[in-house]
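Presented below is the structure to which this report refers.
The values are calculated or read from the model by the stated rules, or taken from the named source; none is laboratory data. Computed from a prediction, not measured in an experiment: that's the story for all the values here. Every residue, glycine as well, gets a Cβ built from its backbone with ideal geometry; the counts of neighbours run over all protein chains shown.
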Amino acid sequence: MSDHKIPLAGVIGAPIAHSKSPRLHGHWLRTYGIPGHYVPLHVEPDDLETVLRTLPKMGFRGVNITIPHKVAALEIADQISDRATLIGAANTLTFRADGKIHADNTDGYGFLENLKQGAPGWKPNAGPALVLGAGGAARAVIVALMEAGAADIILTNRTRPKADELRAAFGKKVRVVDWVKAGNAVEEAATVVNTTSLGMVGAPEFRVPLDGLRPGTVVTDIVYAPLRTKLLEAADAAGCITVDGLGMLLHQGVPGFERWFGVRPEVDVNTRAAVLG
Ligand code: NAP
């Protein structure tokens with residue numbers, strides 16, 4: 001990789017047109033006056049490895065990886081961060097000068113930074129943390145909660161075996177309860193995190209009983225379309241501290257941008273406005 005090339009980065013997925021990452025990184029490139037570009041790249045699974053081996057030769061410093069390539073990217077990478085190994089998926093690749101591909105997963109980092117920024121008094125050990133859902137995002141959220149010091153994570157998922165798998169992977173700090181008992185777990189929790197797609201535009205509504213929400217409980221929804229989900233509205237009405245999911249998306253982009261473009265970007269109101277367009 002030679003220094004005279006214009007620094008390039010991008011996001012790889014299929015489909016990719018909906019991605020907000022080009023807006024996010026484009027905003028930061030303009031804000032910091034960096035003469036680089038960040039582009040959406042539609043790549044089919046069969047082409048992923050060839051594309052990843054070719055991009056560095058074209059001046060790309062790295063890429064974000066999204067659906068459906070997050071697991072495959074980890075398999076292609078030459079070096080893998082501990083947190084990407086734990087999560088079992090990659091969302092941030094950096095092309096090193098020696099030709100090696102470094103894989104990281106910054107979703108959990110983004111989740112935690114968003115929570116700290118949105119609920120500055122949040123304490124990981126104030127009481128049980130309830131995680132709803134056991135998909136890819138839940139893995140990142142659980143790893144992040146454990147890294148932050150949460151010692152009691154209640155996990156519930158419509159398909160129980162998937163939650164049991166995560167319990168087996170992450171150990172005794174995670175306890176699984178049946179999806180039909182999610183409402184009881186809400187009563188017990190000091191932190192509630194929705195990692196399911198419920199409540200997202202185009203997905204079914206979030207119907208977990210929320211009568212047990214207590215004032216002061218920190219409630220965050222990683223769904224960010226819409227920004228104020230029904231869960232967050234109900235939590236606001238119950239006197240909870242609520243944090244929307246957009247900040248997770250913004251913060252997860254920070255480590256990649258810093259590695260590729262050499263500046264650690266701020267996540268502030270202007271960043272949010274730029275991404276919301
Ligand atoms: P995923 O791997 O497909 O997992 C989807 C989860 O939603 C599973 O736990 C699934 O349960 C649950 N679910 C889906 N339909 C359901 C229903 N009708 N009833 C109950 N549970 C249902 O997806 P993901 O990658 O984890 O993403 C989940 C959500 O997080 C998406 O909305 C995504 O946009 C959002 N997200 C946001 C960020 C951010 O930066 N804010 C980052 C990543 C993801 P089953 O196992 O029973 O199917």
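Brief remarks on what is shown
- Residue in the stretch 114-137 that is surrounded by the fewest Cβ atoms within 10 Å (Cβ to Cβ), counting only those that are in contact with a Leu (Cβ under 7 Å, 6 or more places away or on another chain) and under 19 Å from GLY171 (Cβ atoms): PRO124
- If you check ALA151, ALA163 for being in contact with a Ser or Thr (Cβ under 8 Å, 6 or more places away or on another chain) and more than 20 Å from GLY239 (Cα to Cα), only one passes: ALA163.
- In the stretch 223-244 there is at least one residue that is in contact (Cβ under 8 Å) with a residue 40 or more places away in the chain, among the small types (Gly, Ala, Ser) and not assigned by TED's automatic domain parsing to the domain that holds GLY26.
- Residues of the stretch 200-257 that are among the aliphatic types (A, V, I, L, M) and over 26 Å from THR106 (Cα atoms): VAL208, LEU210, LEU213, ALA234, ALA235, ALA237, ALA238.
- Entry remark, the stretch 119-157: residues being more than 12 Å from the ligand (Cβ to nearest atom) and in contact with a strand residue (DSSP E or B) (Cβ under 6 Å, 6 or more places away or on another chain) number 9 in total.
- Failed item in (1) in contact with a helix residue (DSSP H, G or I) (Cβ under 9 Å, 6 or more places away or on another chain); (2) in contact (Cβ under 8 Å) with a residue 60 or more places away in the chain; (3) not polar (S, T, N, Q), with ARG175 passing the rest: (2)
- Selection of first residues in the stretch 99-118 that are outside the structural domain of THR195 (by TED's automatic domain parsing) and of a type in the set (Lys, Arg) and of second residues that are part of a loop (DSSP other than H, G, I, E, B) and more than 13 Å from the ligand (Cβ to nearest atom), restricted to Cβ pairs under 7 Å at least 6 apart or on distinct chains, gives the following pairs, ordered by first then second residue: LYS100/ASP78.
- The single condition among (1) touching a strand residue (DSSP E or B) at 6+ places or on another chain (Cβ under 8 Å); (2) farther than 30 Å from THR85 by Cα that ALA163 does not meet is (2).
- For the stretch 76-162, the strands (runs of 3 or more DSSP E) that sit wholly inside it and include 2 or more residues that are under 30 Å from GLY59 (Cβ atoms) are 92-95, 101-104.
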